[in-house]
Amino acid sequence: MSNPHSRTADDAGSSGGRDAETVREHSVAAAPPREPLAGDAGLDAHLVVERSAFRLDVALTAVPGEVVALLGPNGAGKTTALRALAGLVPLSAGHLRLDGSALERTPPENRPVGVVFQDYLLFPHLSALDNVAFGPRCQGVGKAEARAQAAAWLDRMGLADHAGAKPRRLSGGQAQRVAVARALATRPRLLLLDEPLAALDARTRLEVRAQLRRHLAAFEAVAVLVTHDPLDAMVLADRLVVVEHGRVVQQGTPSDIARHPRTDYIAQLVGLNLYRGRADRHTVRLDAGPSITTTEDLSGPVFVAFPPSAVTLFRDRPTGASARNLWRCEVTGLETHGDQIRADLAGELPLAADLTTVAAAELGLHPGAPVWATVKATQTHAYPA
C-alpha cells in the first residue's frame, strides 16, 4: 500500500478534514508487484497476535489465483487476521511471506496489498475516476496515465458512465465496485476484502455477489475474503478457513465443509443437525444422548449429521414406521425458515426439524407440544471425528 502522502493536495484533492493517520490506514494503494521467487509464489502466513484477553493464532496459505474465505462468528478474530495481513496490526509472533518475500517488518504503505474495506472508505471529495486513479498515482504513475488506467478499470466494472460521480452519488453496489476497482488498479499480489457485501441490501447483494465472483475468478494473485455470511463464502471462495476463538477449527472446499462440519457453529451455518459419538459398525452412541443408526460401517470417534428436512414429526408414537431412529421430544420454538417452519426440539435428542406450514398446522405444533421425531438411517451421514 504505497504512501498516500507522496501525492500533493493538487494531485488528490483536499482530504476533507481526514487526519493523515486515518488516510494512511484506509489507503488501498499498493507498491508495484515484485517478481515471485521460483516455488514461493503465493501466501504463506502464520499470524499470531496477542492481546490482553484474546490470542489469534492462525496459519494461512494460498496460491496465486486462489480465493480463500475466513469464515467465523463475531469476535472470532477474522478482522484481526485481515488487518495483520495488511500490516495494520503488528504480529506478536509467526511470519508473513508473500511471493517469497518476508513482510513482517514492511510498513503497510510498502506492501503489495490491496484492501476493500467493509464500508468502502472512498474519498468523498474525489470522483469515482480519481478514487481509482489514486493508487497508481501513489505508485508514481503520471496523472494522465493513472486516469487512463482508472477509466479502463471502471469500464471493466461496468461503471464507465459514472466516472465523474462523487461517492455520495453512487448506489451501494456502484460504490462497492469502485472500491474493488481502486484496490485492483494497484496490481496487488494480495487482495483483502473485509465483509465486502455487508453494506448492501438483499437485492443488490445478489447482483453484486455474482459480479464480484467474476472479478475474483479473473484475479491472478491471492485473494483473502473475511465474512460471517456462509453464502458469500460458499459462492466467492475456492477454499474456506473457519476461525473460532482465534484459531482455525476447520478448512477445506465449500462442499467439503458443508458435508462434513466439525463444530456446532459450522453445522448451524450449513443447516445440519450435528452430533459426536463413538461408532460400532452402524450404531453411533452419542457422547450426550441416545444412539443413532447410520448406513456407514465405522468404528471409533465419529460425527453424525443430517438436515432438518430429514426429520419427520408425529404427535403420537408411530407404528410400522420404517425409520430406524425414533426419539420423544418437545417443541421449544417455532420460526419461519424460508418457505417452511423450523421447529426446535428438546428431549431425548435436541434437534431442528423443517416442515411445511400445512404440516405444522395439522400437527398443532406450539412451544411445549410433545412430539415423536424420526430419521431414516439412509438420511444420516457419519464420518470420522
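Derivation of every value follows stated rules applied to the coordinates shown; laboratory data play no part. If you're wondering where the values come from, they're calculated on a predicted model, not measured in any experiment. No Cβ is skipped: glycine too gets one built from the backbone with ideal geometry, and neighbour counts run over all protein chains shown.
See the values below:
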quantity: Förster radius 25 Å - calculated FRET efficiency between VAL249 and VAL63, Cβ distance, rounded to 0.05; calculated: 0.65
quantity: Assigned charges on the beta-carbon of Lys, Arg, Asp, Glu; the chain dipole about Cα centre (debye); calculated: 280
quantity: Residues HIS337 and GLU220, FRET efficiency given R0 of 56 Å [Cβ-Cβ distance, rounded to 0.05]; calculated: 0.90
quantity: Residues of type aspartates and glutamates that LYS78 reaches as a straight line, Cα spacing below 13 Å, ignoring anything fewer than 8 places off in the same chain; calculated: ASP57, ASP194, GLU195, ASP229, GLU244
quantity: Whole-Hz couplings from phi, Karplus 6.51/-1.76/1.60, listed for the range 266-282; x for Gly and Pro; calculated: 5, 4, 5, 4, 8, x, 10, 7, 10, 9, 10, x, 10, 8, 9, 6, 9
quantity: ³J(HN,Hα), Karplus 6.51/-1.76/1.60, whole Hz, each residue of the range 84-101, x for Gly, Pro; calculated: 5, 5, 6, x, 7, 10, x, 6, 7, 6, x, 8, 8, 10, 10, 6, x, 9
quantity: Packing-based order for 50-56, 85-91, 338-344, 190-196, using average beta carbon neighbours within 10 Å, highest first; calculated: 190-196, 85-91, 338-344, 50-56
quantity: Fluctuation leader among ALA369, ALA152, ALA179 - the chain, Gaussian network, Cα springs under 10 angstrom; calculated: ALA369
